Structure formats: C-alpha cells, structure tokens
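K.L.:
Quick one: structure below, then a few questions.
Throughout, read-outs are computed from the coordinates displayed, never taken from laboratory work. The structure displayed is predicted, hence computed values, not measured ones. Here Cβ is always computed from backbone atoms with ideal geometry, including for glycine, and neighbour counts include all displayed protein chains.
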Amino acid sequence: MEKRLRIAIQKSGRLSEKSLEIIRSCGIDFSTDSRVLREVASNFPIEFLFVRDDDIPTYVYDNVADIGIVGRNELDESGFDLEVVRDLGFASCRLSIAVPQGFEYESLKSLEGKRIATSYPRILSTILEKNGVKASLVTVAGSVEITPAVGIADCICDLVSTGTTLKMNGLKEVDQIYFTSAVMVSRRDFSSDAQRYGILERLLVRMDTVNNARKKKYILFNLPCDRLDDAAEIIGGMKSPTVTPLLDKDWLSVQSVVSEDRFWSVFEDLKALGAEGILVMPIEKMSD
Ligand code: ATP
Ligand code: ZN
C-alpha cells in the first residue's frame, strides 16, 4: 500500500482554519465536514489527524503523526526536540507578564518571591532562571487571567495577542518575554523514512511556491519607448522585464513581477515616468 504522510492539526481552535487553508492552497482536496479524528486527502498521499494542540508535539515525537502544525509555544513547552521545518507566521502572539492594579513592576526582578500563574511553566521558568529570579509558579490549564482576582496568584504570564482579555480582567501587560507563531514540525530523524519524507518534500515545494506568489504582484503597463531604461531601474532586481512592441511604434508593453512590499512605490514611480494602463494581477503560484 502507498504510504501517506500523517499530519497532526488542531481539531478546533485558533490554528485549525489557517492550517487547513495552507494544505488546501497546495491543491490538496479533502472534506472536513465531519472533522472526524482521521481524514484522508483524495488527490495527495496525506492523512490528517485532528487533535488538541497540546498533544501535537507528543504525537509527532512518538511517531503517531509524521508532521504537525502547532504554536512554537506548545512545542517549547512540551520540551520535545523536534525539527521546525517551516515557520508559518500565522497565529503570532506573545507570552507576557501581566499584573493587577497596585503591583509595582519594573523588570523581571520585580517577580522575586511572587506567585505567578501560567499555562507555560517550562518556558517561564527557563526565562526566570536565566534572569536569576526565584518565584513560585502556579500552573493552570486555562483562564489564567482570573487567578489574581481569586487570590491564587499575584500576577500572571499568559499568551497575549491584542491585550483585550487582560484589560477586561483588570490586568496590565507589563513585559513581553517570549514571541511565538505557528510552525510545522517533524521528528529530527524523519528523513530516514525515505518514502514519507519524500511526500513532505513535495508538500514543502508546493507550500513555498504558493508562499512566494503571495508576496509578489504581476504588473503590466504601456510605456513610451525612450523611458524603458528608467522603468527597468525602477522595477529593479529583475533579470529582464518582458518587453513587447505595440502597434504605436513610440510605445511598448512591459511586464514584470514586483514584490508586495515595494509595490506602491514602484507603481507611483512608473506613473510619474509616464507609464499608462497599469494592470496589476495577483500571482497564484510562483517557482524560483
Ligand atoms: P485545544 O482545545 O486544541 O487545546 P487551546 O484552547 O489550547 O485549544 P487555542 O486558544 O486555539 O488553543 O490556541 C492555539 C494556539 O494559538 C496557541 O497555543 C498560540 O500558539 C496561538 N494563539 C494566537 N493568539 C493567541 C491568543 N491571543 N491567546 C492564546 N493563543 C493564541
Ligand atoms: Zn491547547
């Protein structure tokens, strides 16, 4: 039987939709109507395991899944030595120290002797140790933000993206100590499973191709012939824009690819140079 790459994905939560979208953007079809524990793609040798995000590092480490998509925070908290094959950049947030009114916070040293509630005792204790701070950690699985109000902690260390939840609970974010986003992980020795590793490589090529394309725009415009050198300079970094003659001999049609972050400045400079009929198109796939 053909082997399949087994990927662990969060069943339901902040990582779920985006994780599936990444796989789907690689042209891989599957139905997720039922969100059963296991799901097999119809046109690519991959199968999904829908689980709690906390379990993903364990499943990958124990060979239940080959790869997984999980927050770097869960990976570091698990303590498993896994390979980060791609940083996916979404679900980015931070672990922060947050304190109630009246708590004087200057630096991590202010936490000396305090009770800190967190769901990330391993990450927090590593950071405290590095800074020579001794505190007592109260490990809670959820609702960390209510612990000071109910009297079981003096302050908290929790994941923050906007800070609204903290504010609603009368807490102030005073120190951002750790940054995280979603990553794709595998076992360190996974390449020894040649067949499954080969499938991962195919998946990564597809992911990178889609990702490259997202960062670029295809641009097409008409230009007076004598401005071509200036236009090439504005577009920059290209081997050669494609240049096609037009019926009107004084004009050319120019096509090129421009990176998203430079797009507006290129657009404005080309317009100032006399470019007309500028067409901009998204690129669906792009290989280097
Ligand atoms: P599960 O039921 O799978 O255990 P969960 O409640 O532990 O779900 P989510 O709240 O869905 O997990 O968060 C999953 C991951 O999303 C976090 O580990 C973190 O990497 C990321 N994340 C992004 N923003 C936030 C945020 N504001 N609060 C918490 N996690 C966030
Ligand atoms: Zn979880």
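K.L.:
Where does each of 225, 93 land when they are ranked from fewest to most other beta-carbon atoms within 10 angstrom?
P.N.:
225, 93
K.L.:
If contacts are Cα pairs under 8 angstrom and at least 6 residues apart, what is the relative contact order of the chain in percent?
P.N.:
Reported as a whole number, the value is 19 percent.
K.L.:
Continuing with this model, one more query. Which of these, 171, 128, 247, has the largest mean-square fluctuation under a Gaussian network model of the chain (Cα springs below 10 Å)?
P.N.:
Between 171, 128, 247, it is 247 that shows the largest mean-square fluctuation.
K.L.:
Sticking with this one: Return one quarter of the surface area of the convex hull spanned by the alpha-carbon atoms of region 93-180, equal to its mean projected area, in nm².
P.N.:
5.0
K.L.:
In which sequence would 55, 208 go, from the one with the fewest C-beta neighbours within 10 Å to the one with the most?
P.N.:
The order, fewest Cβ neighbours first, is 208, 55.
K.L.:
Computed over the Cα atoms of the chain, what is the convex hull's projected area averaged over all directions, in nm²?
P.N.:
21.5
K.L.:
For residue 2, put the label point 7 Å out on the Cα→Cβ axis and report which residues of region 184-211 keep their amide N under 12 Å from it.
P.N.:
Residues 199 fall inside that zone.
K.L.:
I would also like to ask the following. Expressed as an acute angle from 0 to 90° and rounded to the nearest 10, what is the orientation of the C-alpha long axis of helix 263-273 relative to the principal long axis of the chain?
P.N.:
30
K.L.:
Cut-off under 16 Å on the C-alpha distance; same-chain residues fewer than 8 positions from residue 134 excluded. Which lysines are left, in chain and number order?
P.N.:
Qualifying lysines at Cα under 16 Å: 109, 114.
K.L.:
Further question on the same structure: If R₀ is 25 angstrom, what is the calculated FRET efficiency for the pair residue 181 and residue 272, using the beta carbon separation as r and rounding to 0.05?
P.N.:
Efficiency, from the Cβ-Cβ distance: 0.10.
K.L.:
Here's another thing I want to ask about it. For the chain, give the magnitude of the charge dipole about the Cα centre (Cβ charges: +1 Lys/Arg, -1 Asp/Glu; no others), in debye to the nearest 20.
P.N.:
540
K.L.:
Between residue 201 and residue 90, take the C-beta separation as r, use R0 = 35 Å, and let me know the FRET efficiency to the nearest 0.05.
P.N.:
Result of the calculation: an efficiency of 0.95.
K.L.:
Next question, about the same structure. With Cβ to Cβ distances under 12 Å as the rule, what net charge do the other residues near residue 252 carry (K, R +1; D, E -1)?
P.N.:
Working: positive: 227, 249; negative: 226, 229, 248, 250, 276.
Result for the neighbourhood of residue 252: -3.
K.L.:
Considering only 61, 82, 45, whose Cα is most displaced toward the positive end of the charge dipole of region 44-85, charges sitting on Cβ of Lys, Arg (+1) and Asp, Glu (-1)?
P.N.:
45
K.L.:
Set the bar at 22 Å for Cα to Cα. Now go through 217/285; 130/172; 217/271 and name every pair that lies beyond it.
P.N.:
Result: 130/172 exceed 22 Å.
K.L.:
Just grab the label-to-label distance for residue 14 and residue 83, each label 7 Å out from Cα along the Cβ direction, in nm (one decimal).
P.N.:
2.8
K.L.:
Indicate, rounded to the nearest 5 percent, the antiparallel portion of the DSSP beta bridges found entirely in the chain.
P.N.:
Once the DSSP bridges in the chain are tallied, antiparallel ones form about 75 percent.
K.L.:
Based solely on its DSSP helices, what 222 nm [θ] is calculated for the chain when runs of n ≥ 4 H residues each add -39,500 (n - 2.57) and the sum is averaged over all residues, nearest 500 deg cm²/dmol?
P.N.:
Roughly -8000 deg cm²/dmol at 222 nm, from the helical runs in the chain.
K.L.:
Explain nothing, just compute: Karplus ³J(HN,Hα) = 6.51 cos²θ - 1.76 cosθ + 1.60, θ = phi - 60°, for every residue of region 198-210 in order, whole Hz, x for Gly and Pro.
P.N.:
For region 198-210, the Karplus-derived couplings read x, 5, 4, 4, 4, 4, 5, 4, 5, 4, 5, 5, 5 Hz, x marking Gly and Pro.
K.L.:
Which GluC sites (Glu not before Pro) from region 105-209 combine a DSSP loop assignment with at most 12 other Cβ atoms within 10 Å?
P.N.:
106, 112
K.L.:
Can you tell me the alpha carbon radius of gyration of region 215-273 divided by the globular rule-of-thumb value 2.2 N^0.38 Å?
P.N.:
Compared with the compact-globule rule of thumb, region 215-273 sits at 1.06.
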